[in-house]
Structure formats: C-alpha cells, structure tokens
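Please treat every number below as a calculation from the coordinates, not as lab data. For clarity, every value in this text was computed on a predicted model and none was experimentally measured. FYI the Cβ positions are ideal-geometry reconstructions off the backbone, even for glycines, and counts take in every protein chain you see.
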Amino acid sequence: MKKTAIALAISLMASGSAYSASFVNGGFESGDLTGWTGGGGYWSGSPPAPVDPTTYNGGTPNNTIMSGGTDAITGANTVYNGSYSVRVNDSINDNSVSTLRQSVINYTDNNIYFAWNAVLEASHGLTDSDYFSLTLHDDTTGTNIVDRGYSSAGSIGGGTTGVTWKPFGSWYSSGWVVEQIDLVALGAVGHDFTLTLLASDCPYGGHAGYVYLDGFGSAPPPPGPLPEPASLALLGIGLAGLGAMRRKRRA
C-alpha cells in the first residue's frame, strides 16, 4: 500500500510537470539558444511591414548570444539581467531579417514578462523602414493577444505606449523596456502560446535594425548590477567633485 502511494505521488508530480510549462531558457542563461527556434532571410519591401515572421521559418537566422558589454551605437548594456541575452539581427544594412520564437503548452502563470532594447536606423516611411515586431499568439483560441511593431519611422501595431525613443546620431533606441503581458486580464491563463519576435533591416539595403532580448518568464526581470556608461560617467564626475571639495576644505 505504501509503495502504491509513493508511486501515485511520483506519477502526479510527473504529470503536473508534463502538462504545464514556462519558457525554456527564458533568460538565455544557458549561454545558447536552447528552447528557441530561429529563422531568417531577406526582405524586399513586399509585403509592407509588419511582415509575417512565419515567412522566414526555416531560413537562416542572424541571432547572437551576448555575454555582456555595451552596444557600439548607443552605449547601453547588451544584457539586461544575468550573464546573457540575445541580439536578433545586427547593425549591418543588408536587407536581412531574423526571427526568434518559442511555444509553450498550458502556461499556468499569471504574467509573461520580458525586456527588450531595439536599435533602429532612421530610414524611410512607416511600412518600409527597419523595424522590430512582436506577436504573442494564443494557440488555444487561435488569436493574437499581442501584435505590435516598432519602426524607425513610428509605431505600427498596438501596445506601443511607455516607449521613449532617443536619438543617437542617425539611429534611434528604445533603451531597455520591460514588458508585462497580463494573462489574468486577458482570461488566458493555462492556454498554449507561441511567442514570435522579428528584427528587420529596411528593404533597400541602406538602413539596419536589431533588438536585444532578455528575461522571458513569469516574474519581472530585475535589472543587471552594472549601470550604463552614461551613469558611470556621471558617477565619476560626482566622485571627482567630492574629491575637489575635500581638497579645498583641507587647504
């Protein structure tokens, strides 16, 4: 009888883990893209943005695991939290498109959180500029509960509030933005989802776009311990000022 109870408990534990899921390697802390599927190719402007990412399934992705440091254009940290993030696409303007996606079955947490930082080069119009798009498809109901896009010429799609774009020469950056998708409010707890992200150059080979991604999971990702270079510079100026004041007092 005791052995039967133990076997039943083990069976229930196993079945529970089999029927609920969270994002695999959501913070990319395995140092690779385990759990994620990439795609890629080139965009010639037809159809206009936002382009359906499934068009690039099976293509060659341009996704790079980042292990810290700062972005060469904006000076922002390339990792939001932990030791790793991923960069989708790059700063080379060659018509390239790269995608990243993951499906989860019976996602029972109340929220989906993640952090992103898009870097887009100023280019053309709303539908033919480099851009970043995000789609969260509810596979249970067959509907998109999030469908948004951010172009260097403006916003395409919904859910674009809370983003302040800053110029860096001919480039724009969102800075790190933490998103929350409230599944309770949407009545979607326990559903199956496919999350798909895409970063694209403009279709003419003249302007590039890419995005850093980190911290996919059920809890808000805390920011990393290192400040961005601008903050470090301000801190250095402050310390130098304090040192000068102390020397003046001693004199």
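For the reader, a short list of remarks on this structure follows.
- Cα→Cβ-extended label distance, 7 Å offset, between residue 37 and residue 189, nm: 2.9 nm
- Sum of side-chain charges, residue 23 neighbourhood, beta-carbon under 12 Å (Lys, Arg +1; Asp, Glu -1): -2
- Residue 91/residue 180 FRET efficiency (R0 22 Å; Cβ-Cβ; nearest 0.05): 0.15
- Label-reachable residues, segment 80-103, where backbone N falls under 17 Å from a point 7 Å from residue 44's Cα toward its Cβ: 94-97
- Neighbourhood charge, 10 Å Cβ-Cβ cut-off, centred on residue 137 and excluding it, Lys, Arg +1 and Asp, Glu -1: -3
- Overall form of segment 37-157 per C-alpha gyration tensor (a/c, 1.5; a/b vs b/c): oblate
- Taking 0.36 nm per residue of separation and subtracting the current Cα-Cα distance, fully stretching the chain between residue 72 and residue 164 would add 31.1 nm.
- Estimated FRET transfer efficiency when R0 is 25 angstrom, pair residue 105-residue 126 (beta carbons, to 0.05): 0.10
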